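What follows is a set of notes on a single structure, which appears directly below.
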Amino acid sequence: MTVKINWLQREATDRRRLFYFTSPDHLLGNLRENKIKVSEFKKCNDVFELASVELKDKQTRADQQAWSEELSRELGLICFSQDWRNQLMWGHYSKSGKGVCLVVDVLVEELQRVKYLPRRKTSNGVPFPSSSDPAFRQFCSQKSHHWSYEKEERLFVDFRSKGVFSTKDGRFLQMGDEVQLVGFINGPQPEFSAKEIQKAYGRSLEHFQCRAAFRDFRMVVQQNKKLWKKVQP
């Protein structure tokens, strides 16, 4: 029987269906508490985060540093992808395919699509935008074209917002409002079975396991359910 994945395309007009790659390390605990990790700008893996403009003079560099430090105390972000098939995403963000890709619906009005730049922009002496500036989200969603494979869309999260809380493992957003979990894709070398994942979440979810394609460099559905991860005895 063919594994159907048409549910990946469903979305309401006010929400977009996106993909969130995560390692297995805290997966079950996060699902039990229905939470998703909020990244901090200063801990992002792009060393040019919040620095998409040229910083040629000392004053501009000082202004950018002060601005980014203040911003990082107030806001975080959750990074989603438009594509679950990219092998690099599985390798970089799901512990080489041992984790999962969560399938989520995110409020469209809260999302900002990342723009990938061939070169850094000139600052032209324009002040760095505050979070209330209409140009803020777009300005903070510019990255080098080298990252374009991620096809990223961002959700900016105010640390003071309802539903945001801190633990010893960092800051998290309670899922259910801005972000709704609708299913998951188990990696090609999963640490947990689908049954274990659904048990942690507390209810059934649409899901399937993926594998490396035979003809090209992408991930596809593992149609043979006998090869899906089973609960260890």
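The values are calculated or read from the model by the stated rules, or taken from the named source; none is laboratory data. Note that the coordinates shown come from a computational prediction; the quantities given were computed from them, not determined experimentally. No Cβ is skipped: glycine too gets one built from the backbone with ideal geometry, and neighbour counts run over all protein chains shown. Just the protein is used for accessible areas: all its heavy atoms, side chains included, with ligands, DNA and RNA removed. Shrake-Rupley method; radii C 1.70, N 1.55, O 1.52, S 1.80 Å.
Taking all protein chains as they are arranged and a probe of 1.4 Å, the heavy atoms of residue 207 leave approximately 50 Å² accessible to solvent.
Using R₀ = 41 Å, calculate the FRET efficiency as 1/(1 + (r/R₀)^6) where r is the Cβ-Cβ separation of residue 10 and residue 130; round to 0.05. Once the sixth-power term is evaluated, E becomes 0.65. Of the residues 205, 72, 155, the one whose Cα sits farthest towards the positive end of the charge dipole of the chain is 205 (charges of +1 on Lys and Arg Cβ, -1 on Asp and Glu Cβ, taken about the Cα centre). Surface calculation, 1.4 Å probe, protein heavy atoms: residue 13 sits at approximately 140 Å² accessible. Could you identify which residue out of 106, 126, 179 has the top mean-square fluctuation in a GNM of the chain using Cα springs shorter than 10 Å? Highest fluctuation of the listed residues: 126. From the P(r) of the chain, could you give the percentage of C-alpha pairs in the tail past 31 Å? Percentage above 31 Å: 26.
Of 151/230; 42/143; 168/230; 4/151, which sit over 22 Å apart, Cα to Cα?
Numbers: 151/230 32 Å; 42/143 15 Å; 168/230 31 Å; 4/151 24 Å.
Beyond 22 Å: 151/230; 168/230; 4/151.
Excluding ligands, DNA and RNA, the accessible surface per residue across segment 187-233 is 71 Å² with a 1.4 Å probe. Basic side chains Lys and Arg get +1 at the Cβ, acidic Asp and Glu get -1 at the Cβ, and with that the dipole of segment 7-103 about its Cα centre reaches some 480 debye.
Dipole of segment 1-157 (Lys/Arg Cβ +1, Asp/Glu Cβ -1, origin at the Cα centre): which of 139, 52, 84 lies farthest to the positive side? Toward the positive end, the furthest listed residue is 84. So, in Å, what gap is there between the alpha-carbon centers of segment 170-223 and segment 121-167? Between the Cα centres of segment 170-223 and segment 121-167 lies a distance of 27 Å. Summarising the label geometry, the points placed 7 Å from Cα in the beta-carbon direction at residue 177 and residue 32 lie 2.5 nm from one another. Here the accessible area is traced with a 1.4 Å probe on the protein chains. For the chain, carbon and sulfur cover 49 percent of it. In this structure segment 57-143 gives 53 Å² per residue of accessible area when probed at 1.4 Å with all protein chains present. The charge dipole of the chain, taken about its Cα centre with unit charges on the Cβ of Lys, Arg, Asp and Glu (plus for the first two, minus for the last two), comes to roughly 980 debye. At 10 °C and a viscosity of 1.306 mPa s, what translational diffusion coefficient does Stokes-Einstein give for segment 39-161, taking Rh as the Kirkwood radius over Cα pairs? Give it in µm²/s as a whole number. This corresponds to a translational diffusion coefficient of 102 µm²/s. In the assembled protein chains, residue 28 presents an accessible area of approximately 30 Å² (probe radius 1.4 Å).
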